[in-house]
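Heads up, the thing below is written out as C-alpha cells.
Each reported figure results from applying straightforward, stated rules to the coordinates on display, with no laboratory input. Keep in mind the model is a prediction, meaning the values are calculated, not measured. Note: ideal-geometry Cβ built from the backbone for every residue, glycine included; neighbour counts use all protein chains shown.
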Amino acid sequence: MKILVNDLKTNPSMDLVCDFQNEIKNIDDIININPASIHVDAYFNEDELILSMTGQISMVLACAKTLKPIPYQIDLNASIVFGQDEDADYVLTDKIDLHALIFGEMIAEKPIAVYHPDASDVSFEKEKSPHPAFADLDKLFKKS
C-alpha cells in the first residue's frame, strides 16, 4: 500500500491489514503468516516525517534442526524517520510504500533461528569412538 505524504497530513492515523503471503514465498523458514493488523501514526517535525507503527504479526516458523512448525508472534513497535538529514532512516519522498516498510521491519524482528522442543534430541553426527588404545582413558573422562 503506497500512501502520499500529503494524505498523512490530513489523516495522520490509520489502521491497516497487511497480507504478506506473496512476500514469504521465497523465504524458507517462514511456513505461514496470518494477515497482520497494524496501526500507523504520522508525526511531522519541521522537514521530517516520523511514522510510528505498532501491531502484532502471527506466523509459523520452521525449526532450524527438525523443520517442524513453531508458532511465533512478533510485537511490532517501530518508529521510522523520513527526512533529508543523515540521521533519517529513509529519504522523504512524495510516496511511501507502507506495505514494504512493515514487511522490512517484520523481517528485521524475526529471529534467525528457532528450535522446536524435540530438536534437543537431534544429532547429525554419530558419536566417534576413540582409538582402542585410548578406550580406558575415554571411559575415565565420561564418568566426570
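How far, in degrees from 0 to 90, does helix 98-109 lean away from the longest principal axis of the Cα atoms of the chain, to the nearest 10?
30 degrees
Computed over the Cα atoms, what is the radius of gyration of the range 73-119 divided by 2.2 N^0.38 Å, N being its residue count?
Dividing the Cα Rg of the range 73-119 by 2.2 N^0.38 Å gives 1.59.
Could you tell me the extents of the range 21-81's C-alpha atoms along the three principal axes, largest first, rounded to whole Å?
Projected onto its principal axes, the Cα set of the range 21-81 covers 51, 20, 19 Å.
For volume of the Cα convex hull per residue in Å³, pick the label among (1) 108; (2) 176; (3) 155 that corresponds to the value derived from the coordinates.
(2)
Looking at this model, which pairs from Lys2/Lys110; Lys2/Lys65; Lys25/Lys65 are more than 27 angstrom apart at the alpha-carbon?
Lys2/Lys65
Report, in whole Å, the centroid distance computed from the Cα atoms of the range 5-36 and the range 53-125.
12 Å
Relative to the present Cα-Cα distance, how much length would full extension add between Ala100 and Ser13 at 0.36 nm per residue of separation?
Once the chain is fully extended between Ala100 and Ser13, it gains 29.5 nm.
Magnitude of the Cβ-charge dipole of the range 1-64, K/R +1 and D/E -1, about the Cα centre, nearest 20 debye?
200 debye
In sequence order, what are the phi-derived ³J(HN,Hα) couplings for the range 81-94 according to the Karplus relation 6.51 cos²θ - 1.76 cosθ + 1.60 with θ = phi - 60°, rounded to whole Hz, with x for glycine and proline?
9, 10, x, 9, 6, 5, 6, 6, 6, 9, 6, 6, 10, 6
For Lys139, which lysines qualify as cross-link partners when the Cα separation must be under 25 Å and same-chain residues fewer than eight apart are set aside?
Within the straight-line limit of under 25 Å, Lys139 reaches these lysines: Lys126, Lys128.
Which of Asn77, Asn34, Asn26 ends up with the largest GNM mean-square fluctuation for the chain, with Cα atoms connected below 10 Å?
Result: Asn26 has the largest fluctuation of those listed.
Using a cut-off of under 14 Å, list every residue of the range 82-103 whose amide N is near the label point 7 Å from the Cα of Val5 along the Cα-to-beta-carbon line.
Backbone N within reach: 82-86, 88-97.
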